[in-house]
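Accompanying notes for the structure given below.
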Protein chains: 2
Amino acid sequence: MPAREDRNRAKGLNRDLVARTALDLIDAEGVGAATMRAIAGRLGVEAMSLYKHVRTRDELLDDVVELIVAELDDDPEVRRDASEGWRDYLTRLARGVRRYALAHPHAFPLVTTRPAEAPWINPPLRSLAWIESMLATLAAEGFSDEQVLFTYRSFNSFLLGYLLMESGARTLRDPQDGDGSMGSSDEPVPGGLTPTRTDEEQDAVAEATTTAEQIDPQGDIEVAEFPTVHRLADRLAEDRFDEEFQRGLERLLDAVAAQLD
Amino acid sequence: MPAREDRNRAKGLNRDLVARTALDLIDAEGVGAATMRAIAGRLGVEAMSLYKHVRTRDELLDDVVELIVAELDDDPEVRRDASEGWRDYLTRLARGVRRYALAHPHAFPLVTTRPAEAPWINPPLRSLAWIESMLATLAAEGFSDEQVLFTYRSFNSFLLGYLLMESGARTLRDPQDGDGSMGSSDEPVPGGLTPTRTDEEQDAVAEATTTAEQIDPQGDIEVAEFPTVHRLADRLAEDRFDEEFQRGLERLLDAVAAQLD
DNA sequence: CGGTGCGGCTTACGGTGTAAGCCATACTTC
DNA sequence: GAAGTATGGCTTACACCGTAAGCCGCACCG
């Protein structure tokens, strides 16, 4: 028989720790860097040892996604019920999601992209627990089934689109990043690797590249034929994410409210 | 000196053909299946030969993205100017984007996820040419810079979120699928593969880990503890994508119209 | 004390992206 | 024509990946 589970194997690994280490690595160096060997190395262990706790790398990535979404549980601003009304509830929830999305820009694509178990489990709210929470809360607030569904889908798709855009814009064509995930059942599939783009980072906030950059052989910019882009480049590069998120969310909630009658 | 470029090397490869073949493979078997060797094989050629036309697999995937977005050019419904007004223009454009997204569900995540050259080039409108088209068209319609930018971002983020959700829901945890992309600079990185999972989540919200780790052998989802999800499951699974896309788009355009004054 | 199984380790394999170099062919230029 | 040269294939080789299979010490069980 196995030992009592409450006993902690001194310095032992465990599934959660593995996932947490993987997430650290992803945050630091991109999904592609989260190699079984790298994760193991960081834990002072051999790669194959991880397989005692995880069945496959893909499953591990799923665990990582769960871990990220679970940050909602500890988010002090997020409420589990609509004690202040559904609008407050959804606002807090949305902000919580944004918080974890921005906290893990390299990992967020995993959350948005990884195929789900059911077609109606959609990102970025990927845990059944939270989906249940949201649906039940709205229903308790007097939403009809129809209204619940509409809200659920609009809410998800707004967050998905906005946050993917924002985190993508913030990430840029950086250094690391990358992914390796498949989805095949019976046959294995490979991953890819990424060369360096040795781009340059730009401020992203203030004076952005006046140089729009279409990759020019010289590495120089090709803006002559895109006058409007060129003219608006500075404004396009401006960071107004906070404000725009708030506005977009407000607008979404207005639409939700509008269909309540 | 090289031959005149207008001469076609009989049965020769070329960058476009390589990208096109990669896209075929992705459509058929998922991103992970688009191995350099597999692509080459389909072209009756050795893997290394591809490198005469493409610098790296990552760059090839960028080409694939370009190829997909370029389908807008041939879309008969899409207009390049707002001869029927901006609302018609944006509607057609949005429908065109949706069309290519649904035409390549396995490849669409690439479009949404691949880091761009500049922070303001955001998916799913990833070509400078189309961004210029949209910005210029709106400006020509009398939009102020502010309004152009607002519209640009809202439009993109709506499409991004909605289409990623829809294509994700349609793809499910299917068969193939997968990816391989990185972003590392000096060192290469791998990919991974994906098995099929039939997990389920635990409450995570209320009570602590009752450690309900019941993996349903039947592949069925455990919904008992998620009553609302269970009750709404059928409706959640319903396919009302067309209708919802239309409604969402309409709502977006209304918001755009509203800020025009 | 003898068993038992957990959780590490070692080894090995097939697959990946790609660096480096080879060589036939077809074009350009006298 | 002949000579020169770049093009676009092929071959070989490497480092690194995910992971199958099996080994073994050690903590615990009766």
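The values are calculated or read from the model by the stated rules, or taken from the named source; none is laboratory data. This structure is a prediction, so every number in the text was calculated from the model and none was measured. Cβ atoms come from the backbone with ideal geometry, glycine included; neighbour counts cover every protein chain shown.
All of B:GLY85, B:GLY32, B:GLY41, B:GLY96 fail the test of being on the phi > 0 side of the Ramachandran plot and more than 8 Å from DNA strand C (Cβ to nearest atom), apart from B:GLY85.
Looking across region B:10-27 at every residue that is free of Cβ contacts under 8 Å to residues at least 24 places away in the same chain and under 18 Å from the mean Cα position of the chain (by Cα), the one that is nearest to DNA strand C (Cβ to nearest atom) is identified as B:LEU25. Number of residues in region B:143-167 that are free of Cβ contacts under 8 Å to residues at least 40 places away in the same chain and either surrounded by fewer than 20 Cβ atoms within 10 Å (Cβ to Cβ) or under 23 Å from A:THR113 (Cβ atoms) (or both) equals 8. Among the residues making up region A:93-112, a single one is of a type in the set (Gly, Ala, Ser) and farther than 18 Å from A:ASP74 by Cα: A:ALA107. Is it the case that region B:63-77 has a residue that's without any contact (Cβ under 8 Å) to a residue 24 or more places away in the chain, part of a helix (DSSP H, G or I) and under 30 Å from B:ARG153 (Cβ atoms)? Yes; the residues of region B:63-77 include at least one that is without any contact (Cβ under 8 Å) to a residue 24 or more places away in the chain, part of a helix (DSSP H, G or I) and under 30 Å from B:ARG153 (Cβ atoms).
B:PHE143 - would you say it is outside any helix (DSSP H, G or I) and closer than 21 Å to A:HIS230 by Cβ? Taking the combined requirement at face value, the residue satisfies it. Return yes when A:VAL45 is farther than 25 Å from A:GLU243 by Cα and touching a residue at least 24 places away in the same chain (Cβ under 8 Å) and no when it is not. When the stated conditions are applied, A:VAL45 passes them. Here region A:91-135 is the region considered, the condition is being β-branched (Val, Ile, Thr) and part of a helix (DSSP H, G or I), and the residue that is farthest from the other protein chains (Cβ to nearest Cβ) is A:THR91.
Please go through region B:115-142 and give me each residue that is basic (Lys, Arg) and surrounded by fewer than 20 Cβ atoms within 10 Å (Cβ to Cβ), ordered by number. Correct list: empty. The residue list A:ASP58, A:ASP62, A:ASP6 contains one member that is within 13 Å of DNA strand D (Cβ to nearest atom) and modelled with pLDDT under 95, which is A:ASP6.
The one condition from (1) within 13 Å of chain A (Cβ to nearest Cβ); (2) within 25 Å of B:GLU132 (Cβ to Cβ); (3) in contact with a helix residue (DSSP H, G or I) (Cβ under 7 Å, 6 or more places away or on another chain); (4) assigned to a helix (DSSP H, G or I) that B:ILE39 does not meet is (2).
Evaluation of B:ASP58 against the conditions (1) within 16 Å of DNA strand C (Cβ to nearest atom); (2) under 21 Å from B:ARG170 (Cβ atoms); (3) of a type in the set (Asp, Glu) shows that the sole unmet condition is (2).
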